[in-house]
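Structure, as structure tokens:
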Amino acid sequence: MNNSKARVIAMCAIAVVLNVVLGEAVSMMKIPLLFLDTMGTIFIAANFGMGYGILTGVTTNLLMGLISGPLSIPFALVNVAVAIVVALIAKNGFGYKKALIAGVLLAFICPMIGAPIRLALFGGFTGSGTDIVIMALRASGKEMISATYWGAVTGNVVDKIISCLLVAWFIKLPQMKRFAVK
């Protein structure tokens, strides 16, 4: 393995740890509508491309499966979507405008994948702040799949836009220039 590839793989490993630590920290703090569990995937996909982003995302969910149980593993599909969308948008850089576009797209795409998984594994409720939105939508007469999707969109609008903008800011830091491969 050449030195450049080893460096990227090391960055992927750091990004996996970042996903897990940020995701668990936000979950423990019960911050509503925020997860931050895909920031590492976003960073890797924006800087090193789709393949490494997918590797980071899938590895994150496999590690979460070991830490918190196997129900985290199916959500790897969401992380794969994150990597694909960000890598495609970041082809020629990942500034704030592209980060905002990616965040908005992810806010709608990720729940298309995650809501059916959430519904199948947890009946729609996972104990996050999004559950309040789902309960309100159910009380207003929405079907459970619709309530789960739109509840997840609500959380993802906040989370994915913030995550993408934070990564765009982080990439712009002078200290990060040495890690750019593109």
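Quick notes on this one:
- Most mobile of Asp37, Asp159, Asp131 in a GNM of the chain (Cα contacts under 10 Å): Asp131
- Applying 1/(1 + (r/R0)^6) with r as the Cβ-Cβ distance of Leu165 and Ile67 and R0 = 41 angstrom yields a FRET efficiency of 0.90.
- Length gained on full extension, Ser4 to Val104, computed as 0.36 nm times the residue gap minus the Cα-Cα distance: 32.8 nm.
- Unsatisfied cross-links (Cα-Cα over 21 Å) in the set Lys97/Lys172; Lys5/Lys91; Lys5/Lys160; Lys30/Lys98; Lys30/Lys160; Lys5/Lys97: Lys5/Lys160; Lys30/Lys98; Lys5/Lys97
- The 3J(HN,Hα) values that the Karplus relation (6.51, -1.76, 1.60; θ = phi - 60°) gives for the range 103-119 are, in residue order, x, 5, 4, 5, 4, 9, 6, 4, x, 4, 8, x, 4, x, 5, 4, 5 Hz. Gly and Pro appear as x.
- Tyr96-Val21 FRET efficiency (beta carbon distance; Förster radius 22 Å; 0.05 resolution): 0.35
- Around Ile84: net Lys/Arg minus Asp/Glu count, Cβ-Cβ under 15 Å: +3
- Working from Cα pairs under 8 Å separated by at least six residues, relative contact order for the chain is 24 percent.
- Portion, in percent, of the accessible area of the chain that falls on carbon or sulfur, probe 1.4 Å: 73 percent
- Accessible surface calculations at 1.4 Å, restricted to protein heavy atoms, place the chain at 50 Å² per residue.
- Virtual spin-label span in nm between Met176 and Lys142, 7 Å along Cα→Cβ: 3.2 nm
- When mean projected area of the Cα convex hull in nm² is computed from the coordinates, the matching label among (1) 16.8; (2) 10.0; (3) 11.3 is (2).
- Averaging the Cα positions of each part gives two centres, and for the range 118-143 and the range 95-113 these lie 22 Å apart.
The values are calculated or read from the model by the stated rules, or taken from the named source; none is laboratory data. These numbers were taken from a predicted model, which means no experiment stands behind them. Reconstructed Cβ throughout: ideal geometry from the backbone, glycine too, with neighbour counts over all protein chains shown. SASA here: full protein model, heavy atoms, side chains in, ligands and nucleic acids out. Shrake-Rupley method; radii C 1.70, N 1.55, O 1.52, S 1.80 Å.
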